[in-house]
Amino acid sequence: MERIAFKMKLKPGFVSEYEKRHNAIWPDLKQLLKEAGISDYSIFLDGETNTLFAVQKTETKAGSQDLARNEIVQRWWRYMADIMETNTDFSPISVPLKEVFRME
């Protein structure tokens, strides 16, 4: 099992909306993530900088950001684009993070 971490950026003033949308995550998106081998997916917020920190476990080295060609993911990205910093294809600007310490 691999662990993948990355950061994204939330636009100012949209914390509540971001939480609302994720609390009602689409069942087909959740199913897609599970089928892709992604589990134990958490997103944390640094409220001072509006930086989102995501970590997920995956059965492969591919994570949720690698599902760009899937129509469900593309719809989700468009749905979230008004409250996040995005690329021109509406994917969130995502910066991979290197693990520098781990304690089990």
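Values for this structure:
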read-out	value
Residues of segment 60-76 satisfying the condition of being buried (at least 17 other Cβ atoms within 10 Å of the Cβ), touching a helix residue (DSSP H, G or I) at 6+ places or on another chain (Cβ under 8 Å) and in a loop (DSSP other than H, G, I, E, B)	LEU67
Among the candidates TYR18, TYR79, residue that is assigned to a helix (DSSP H, G or I), in contact (Cβ under 8 Å) with a residue 40 or more places away in the chain and surrounded by fewer than 17 Cβ atoms within 10 Å (Cβ to Cβ)	TYR79
Matching residues, segment 67-77, being touching a strand residue (DSSP E or B) at 6+ places or on another chain (Cβ under 9 Å) and over 17 Å from ILE43 (Cα atoms)	LEU67
Residue identified as assigned to a helix (DSSP H, G or I) and either out of contact with any His (no Cβ under 9 Å at 6 or more places or on another chain) or closer than 19 Å to ALA81 by Cα (or both) among LYS57, LYS34, LYS7	LYS34
Positions within segment 20-40 being at pLDDT 95 or above and either among the hydroxyl-bearing types (Ser, Thr, Tyr) or in contact with a Phe, Trp or Tyr (Cβ under 6 Å, 6 or more places away or on another chain) (or both), in sequence order	LEU29
Residue that is hydrophobic (A, V, I, L, M, F, W, C) and in contact (Cβ under 8 Å) with a residue 60 or more places away in the chain, where the choices are ILE4, ILE43	ILE4
Qualifying residues in segment 36-79 (those that are among the small types (Gly, Ala, Ser) and touching a Gly at 6+ places or on another chain (Cβ under 9 Å)) - the one nearest to PHE6 (Cα to Cα)	ALA54
Failed criterion for VAL95 (all others in (1) surrounded by 13 or more Cβ atoms within 10 Å (Cβ to Cβ); (2) touching a strand residue (DSSP E or B) at 6+ places or on another chain (Cβ under 6 Å) hold)	(1)
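The values are calculated or read from the model by the stated rules, or taken from the named source; none is laboratory data. Predicted, not measured: the structure shown is a model, and the values here were computed from it. Glycine also receives a Cβ, built like all others from the backbone with ideal geometry; neighbour counts cover every protein chain displayed.
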